[in-house]
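Undergrad: One structure, as structure tokens, below. Some questions next.
The values are calculated or read from the model by the stated rules, or taken from the named source; none is laboratory data. Remember, it's a predicted structure, so these values are computed and weren't measured experimentally. Glycine gets a Cβ as well: all are built from the backbone with ideal geometry, and neighbour counts include every protein chain shown. Just the protein is used for accessible areas: all its heavy atoms, side chains included, with ligands, DNA and RNA removed. Shrake-Rupley method; radii C 1.70, N 1.55, O 1.52, S 1.80 Å.
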Amino acid sequence: MKVALITGVTGQDGSYLAKFLLEKSYKVIGTVRSYRCANMDGFKYLGIEKSLIIEELDLLDMANIIRLIQKYKPDEIYNLAAQSSVGLSYSQPIGTFSFNTISVNNLLESIRLFSTDTKLYQASSSEMYGKVKNMPIKIETPMHPVSPYGVSKMAAYFMVSTYRESYNIFASNGVLFNHESFLRSGNFFIKKVIRDTIAIKNGQLKELRVGNLNVKRDFGYAPKYVEVMWAMMQLDTPDDFIICSGESILLKDIVEYIFDKLNVDKKLIIIDDKLFRPNEIEDIYGDNSKAKKVLDWDYEMSFFDIINILIEEELNSKRFLR
């Protein structure tokens with residue numbers, strides 16, 4: 001039985017990845033910062049709450065990481081823990097950069113010193129690339145992040161590649177573009193729009209207030225994206241991959257589609273200048289051909305079909321709303 005350790009396991013990706021690995025007969029250990037504050041709703045929703053082991057782990061404490069590695073001797077570590085809100089990174093730039101870099105450094109150094117056979121997956125982000133001159137984005141595209149979050153993820157990305165090249169450990173970056181699911185937390189754009197639109201339809205909210213909708217993003221489906229994380233860890237040689245849908249969609253079109261789908265008046269969409277970010281990427285999409293070819297990844301989903309799935313899940317799963 002293979003052993004996998006997932007940091008940030010209670011998040012969207014962690015929950016779906018845990019389910020995926022359990023179905024492949026892995027022993028799965030998930031880590032949380034605190035038992036007391038951990039939200040286990042995702043596990044309950046997926047029916048896996050009794051199938052995995054949960055451990056407390058402070059990723060800023062290297063001794064704590066070493067203790068868990070020596071206790072479970074994981075074949076694979078999936079590092080999904082991060083301060084992952086782009087918007088929040090503007091108000092908490094130091095905390096975002098510190099956690100998102102030191103945590104990765106501690107994992108890499110722990111593996112180098114005590115568990116060189118352990119494979120590491122690092123959750124990287126399309127925000128590292130920021131404003132680019134040419135698209136679609138490929139791994140070798142020059143990076144120009146425009147947010148503190150993007151800068152922190154870029155630093156972690158290069159530390160992974162540095163350890164891989166310097167110490168010959170198996171460490172890979174999965175550069176995921178935006179990906180959504182029912183388990184996405186409520187502060188993310190798609191989740192917020194769907195929830196607020198349903199609230200308007202039910203008479204619980206008067207309007208939807210949004211920021212800049214004249215930007216385009218590459219969106220995908222989280223349950224399909226976690227498949228690639230696992231596939232990367234099955235390679236004989238570590239490598240970095242872009243994980244994306246391969247096309248971008250205007251946020252305005254997404255919001256209006258959700259309003260039409262739920263039969264809500266689009267006049268209730270209110271643009272609020274206060275919700276604009278200090279710096280914004282106008283358009284971004286990636287090239288997923290390498291992942292499809294090397295990892296034999298089958299992904300052809302339309303994001304509007306995904307929105308239909310998300311709306312249906314939201315309407316049918318009230319008891320899980322947070």
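Undergrad: Residue farthest toward the positive end of the dipole of the chain, with Cβ of Lys/Arg at +1 and Asp/Glu at -1: which of TYR35, GLY95, LEU60?
TA: Most positive-ward Cα: TYR35.
Undergrad: Further question: How large is ³J(HN,Hα) for each residue in the range 19-32, as worked out from phi by the Karplus curve 6.51 cos²θ - 1.76 cosθ + 1.60 (θ = phi - 60°), to whole Hz, x for Gly and Pro?
TA: 4, 4, 5, 4, 5, 9, 6, 7, 8, 10, 10, x, 10, 10
Undergrad: Between ILE139 and ASP296, what length comes free when the chain is fully extended (0.36 nm per residue of separation minus the Cα-Cα distance, one decimal in nm)?
TA: Extending this stretch completely gives an extra 54.7 nm.
Undergrad: Choose one of ALA231, PHE276, LEU205: the residue whose Cα lies farthest towards the positive end of the charge dipole of the chain (beta-carbon charges +1 Lys, Arg; -1 Asp, Glu; about the Cα centre).
TA: In the chain, that residue is LEU205.
Undergrad: In terms of Cα to Cα distance under 12 Å, which aspartates and glutamates are near enough to LYS206, apart from those fewer than 8 places away along the same chain?
TA: Here the aspartates and glutamates satisfying the reach criterion relative to LYS206 are ASP196, ASP265.
Undergrad: Once each part is reduced to its C-alpha centroid, what is the distance from the range 88-166 to the range 262-304 in angstrom?
TA: 21
Undergrad: Provide the per-residue ³J(HN,Hα) series for the range 126-142, in order, calculated from phi with Karplus coefficients 6.51, -1.76, 1.60 and θ = phi - 60°, each as a whole number of Hz, with x at glycine and proline positions.
TA: 5, 4, 4, 7, x, 8, 10, 8, 10, 10, x, 6, 10, 3, 7, 4, x
Undergrad: For the chain, what percent of Cα pairs sit more than 30 Å apart?
TA: Every Cα pair in the chain considered, those over 30 Å come to 33 percent.
Undergrad: Could you run the Karplus curve 6.51 cos²θ - 1.76 cosθ + 1.60 with θ = phi - 60° over the range 201-206 and give me ³J(HN,Hα) per residue in whole Hz, x for Gly and Pro?
TA: With the stated coefficients, the range 201-206 comes to 4, 8, x, 9, 8, 8 Hz.
Undergrad: If you don't mind, another one. Please identify the trypsin sites (Lys or Arg not before Pro) of the range 37-135 that satisfy two criteria: DSSP loop assignment and at most 16 other Cβ atoms within 10 Å. Which are they?
TA: LYS50, LYS131, LYS133
Undergrad: Please give the helix 251-261 orientation as an angle from the longest Cα principal axis of the chain, in degrees from 0 to 90, rounded to the nearest 10.
TA: 60
Undergrad: Would you please give the residues with an amide H less than 5 Å from that of ILE77, counting only those at least 5 places away or on a separate chain, with H modeled from the backbone geometry?
TA: LEU5, LYS119, LEU120, TYR121
Undergrad: Further, regarding this structure: What whole-number volume per residue, in cubic angstrom, does the convex hull of the C-alpha atoms of the range 41-180 give?
TA: 130
Undergrad: When only DSSP loop residues count, what chymotrypsin sites (Phe, Trp or Tyr not before Pro) in the range 269-322 have their Cβ near at most 14 other Cβ atoms within 10 Å?
TA: Filter output for the range 269-322: PHE276.
Undergrad: Arrange the residues TYR221, TYR129, TYR257 by how much accessible surface each exposes, largest first, with a 1.4 angstrom probe.
TA: Solvent-accessible surface, decreasing: TYR257, TYR221, TYR129.
Undergrad: Please list, by residue number, every one of the trypsin sites (Lys or Arg not before Pro) in the range 1-39 that is coil in DSSP and has at most 12 other beta-carbon atoms within 10 Å.
TA: Answer in residue order: LYS24, ARG36.
Undergrad: While we're on this one: Assigning unit charges at the beta carbon (Lys, Arg +1; Asp, Glu -1) and nothing else, what dipole magnitude in debye, to the nearest 20, does the range 186-247 show about its Cα centre?
TA: The calculated dipole for the range 186-247 is roughly 700 debye.
Undergrad: Pull up the cross-link candidates among the lysines for LYS71, meaning alpha carbon to alpha carbon under 30 Å and not fewer than 8 places away within one chain.
TA: LYS2, LYS19, LYS24, LYS27, LYS44, LYS50, LYS119, LYS153
Undergrad: Next question. Run the dipole for the chain about the Cα centre, Lys and Arg Cβ at +1, Asp and Glu Cβ at -1, nothing else charged, and hand back the magnitude in debye, nearest 20.
TA: Dipole about the Cα centre, nearest 20: 760 debye.
Undergrad: Okay, moving on. Largest first, what is the accessible-area ranking of TYR72, TYR167, TYR121 with a 1.4 Å probe?
TA: Largest to smallest exposure gives the sequence TYR167, TYR72, TYR121.
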